[in-house]
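K.L.:
What follows is a structure written as structure tokens; I'll ask about it next.
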Amino acid sequence: MGYRVAVVGATGEVGRTFLKVLEERNFPVDDLVLFASERSEGKTLTFKGKEYEVKALTKAPSFKGIDIALFSAGSSTSREYAPRFAQDGAVVVDNSSAWRMDPEVPLVVPEVNPEDIRDFHRKRIIANPNCSTIQMVVVLKPIYDYAGVKRVVVATYQSVSGAGAKAIRELEEQTKAWCSGRDLPEARHIPKRIAFNCVPHIDVFLENDYTKEEMKMLNETRKIMHDENIKVSATCVRVPVFYGHSEAVHLETGRDITPEEVREVLKEAPGVVVVDDPEKGLYPLATDVEGRDEVFVGRIRRDLSFNPGIAMWVVADNIRKGAATNAVQIAELLIKEGLV
Ligand code: A2P
């Protein structure tokens, strides 16, 4: 049996990757409906060798007949349209931040809290966490279960694709201009020049001087792990990398645990690949994980400031595991559990 699947934001970075991931994983799609803004109306995208025309979301009279809707068209679109899809009978898996902290909406990483998916009934919306949070909790959970985690200090090195297709073009254009000695075009989609730079400003600044992106890493981690006591202090930085987020993660653990034990625990963990042999120069790199669905971890060592504590380097493809793949895994779970 197949499903009628809608992709909202189909022309974007995550939207296009939804199509690739659905195809690669042989997701049971009976029919596909693609939505984007009016700018993209009539464009075509290919899925399994067949062309599908993109429809303008605003012009759709109803969303009846859709079983599963995968959303990645920004928070305001999700806020307005996810309830309409849900009302018309679909289950929405939403990639924006609009619904993540709603107590009636489960926030799910299938390797971490698959059981939470069952609570989707009230709104028929399931939220996909923030990309930086997803890759961190996939690695955190097995360590948490083994030794406890009290506190996390994390610095992120986030690629421009996390800010969408326009931010990718912005890095390309600035880099080309810089290399050919021209004046750099003005920064528009990243707050400051991103070529050959690091920008500690993702999403908006809040009253406590953290950014919203940084607070997502605290609040979403607590919700996913069901632990309101876990402390997370994050600094989120945009770097001139096209795909793949990297994170320096420092943990205070509940009890002493050796780096060897952490490696063993993580080797057994679902969705995790350990790449950790510094003598051979082996550690995960954003350039190596592009196009992969797992979370990669290396540089595992004792933390010198937390006692007991562990430091590590965590890398994943933010558009895949950080967005499209995680959402498709949620949809697969819905099917497996007989919820759609
Ligand atoms: P469009 O390509 O027509 O602008 P990205 O995050 O890579 O920038 O992609 C955002 C996606 O969300 C695109 O598919 C974009 O469509 C879509 N989108 C943006 N705003 C709207 C809107 N108001 N209604 C529907 N789709 C939207």
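K.L.:
Identify which of ASP183, ASP203, ASP94 has the largest mean-square fluctuation in a Gaussian network model of the chain, with springs joining Cα atoms closer than 10 Å.
P.N.:
ASP183
K.L.:
Okay, next question. In whole angstrom, how far apart do the alpha carbon centroids of segment 269-340 and segment 87-162 sit?
P.N.:
With segment 269-340 and segment 87-162 each reduced to a Cα centre, they are spaced 14 Å.
K.L.:
With +1 on each Lys and Arg Cβ and -1 on each Asp and Glu Cβ, and nothing else charged, work out how big the dipole of the chain is about its Cα centre, in Debye to the nearest 20. Walk me through the intermediate numbers first.
P.N.:
Details: 45 positive and 51 negative charges, 148 e Å.
The dipole magnitude comes to about 720 debye.
K.L.:
Mind listing the phi-derived Karplus ³J(HN,Hα) values for segment 127-142, rounded to whole Hz, using 6.51, -1.76 and 1.60 with θ = phi - 60°, and x for any glycine or proline?
P.N.:
Calculated HN-Hα couplings, in order: 9, 8, x, 4, 4, 5, 5, 4, 5, 5, 6, 4, 8, 5, 4, x Hz.
K.L.:
Taking the alpha-carbon set of segment 173-231, what are its Rg and Dmax in Å?
P.N.:
17.0, 52
K.L.:
Could you tell me which residue out of SER159, ILE134, CYS179 lies farthest along the dipole of segment 132-317 toward its positive end? Charges go on the beta carbon: Lys and Arg +1, Asp and Glu -1, centred on the Cα centre.
P.N.:
CYS179
K.L.:
Can you give me the pair-distance distribution of the chain, C-alpha pairs, 10 Å bins, whole percents?
P.N.:
Answer for the chain: a P(r) of 6, 25, 33, 25, 10, 2, 0 percent.
K.L.:
Also: Using amide H atoms built in the peptide plane, which far-off residues or other-chain residues are under 5 Å from THR235 H to H?
P.N.:
VAL154, ALA155, THR156
K.L.:
Taking amide H atoms as placed 1.01 Å from N in the peptide plane, list the residues 5 or more away in sequence, or in a different chain, whose amide H sits under 5 Å from that of ILE319.
P.N.:
Placed amide hydrogens put GLY244 under 5 Å from ILE319.
K.L.:
At 0.36 nm per residue, minus the direct Cα-Cα distance, what do LYS43 and SER62 gain on full extension? Give it in nm, one decimal, please. The partial results should precede the final answer.
P.N.:
Details: separation 19, 0.36 × 19 = 6.84 nm, distance 2.04 nm.
Extending this stretch completely gives an extra 4.8 nm.
K.L.:
While we're here: On C-alpha positions alone, give me the angle between the axis of helix 13-24 and the longest principal axis of the chain, in degrees, nearest 10.
P.N.:
90 degrees
K.L.:
In segment 156-211, which trypsin sites (Lys or Arg not before Pro) fall in coil by DSSP and have 13 or fewer other Cβ atoms within 10 Å? Intermediate values should be presented prior to the final figure.
P.N.:
Values: sites: LYS166, ARG169, LYS176, ARG182, ARG188, LYS192, ARG193; in loops: ARG182, ARG188, LYS192, ARG193.
Passing sites in segment 156-211 are ARG182, ARG188, LYS192.
K.L.:
Ok, one more. Could you pull out every residue, at least 5 positions away or on a different chain, whose amide H is within less than 5 Å of the one on ALA69? Hs are placed 1.01 Å off N in the peptide plane, and Pro or chain starts have none.
P.N.:
ALA6, VAL91, VAL92, VAL93
K.L.:
Okay, moving on. Computed from the mean reciprocal separation of all distinct C-alpha pairs, what Kirkwood hydrodynamic radius does segment 112-158 have, in Å? Please report the intermediate quantities before stating the final value.
P.N.:
Values: mean 1/r = 0.0787 Å⁻¹.
Value: 12.7 Å, from the Cα pair sum.
K.L.:
Also, I was wondering about something else. Cα-based Rg of segment 132-317 per 2.2 N^0.38 Å, rounded to two decimals?
P.N.:
Numbers: Rg = 17.3 Å, N = 186, 2.2 N^0.38 = 16.0 Å.
In units of the 2.2 N^0.38 Å rule of thumb, it is 1.08.
K.L.:
Loop only per DSSP, at most 10 neighbouring Cβ atoms within 10 Å: give me the trypsin sites (Lys or Arg not before Pro) in segment 251-333, ordered by residue number. Walk me through the numbers before you get to the answer.
P.N.:
Details: sites: ARG255, ARG263, LYS267, LYS280, ARG292, ARG299, ARG301, ARG302, ARG320, LYS321; in loops: ARG255, ARG292.
Counting only loop positions with at most 10 other Cβ atoms within 10 Å, the trypsin sites (Lys or Arg not before Pro) in segment 251-333 are ARG255.
K.L.:
Springs between alpha-carbon atoms under 10 Å, Gaussian network over the chain: tell me which of VAL108, VAL241, VAL29 tops the mean-square fluctuations.
P.N.:
VAL29
Where a number appears in this text, it was derived from the coordinates with a stated rule and is not lab data. Predicted, not measured: the structure shown is a model, and the values here were computed from it. Because the Cβ atoms are built from the backbone with ideal geometry, glycine has one as well, and the counts that use them run over all protein chains shown.
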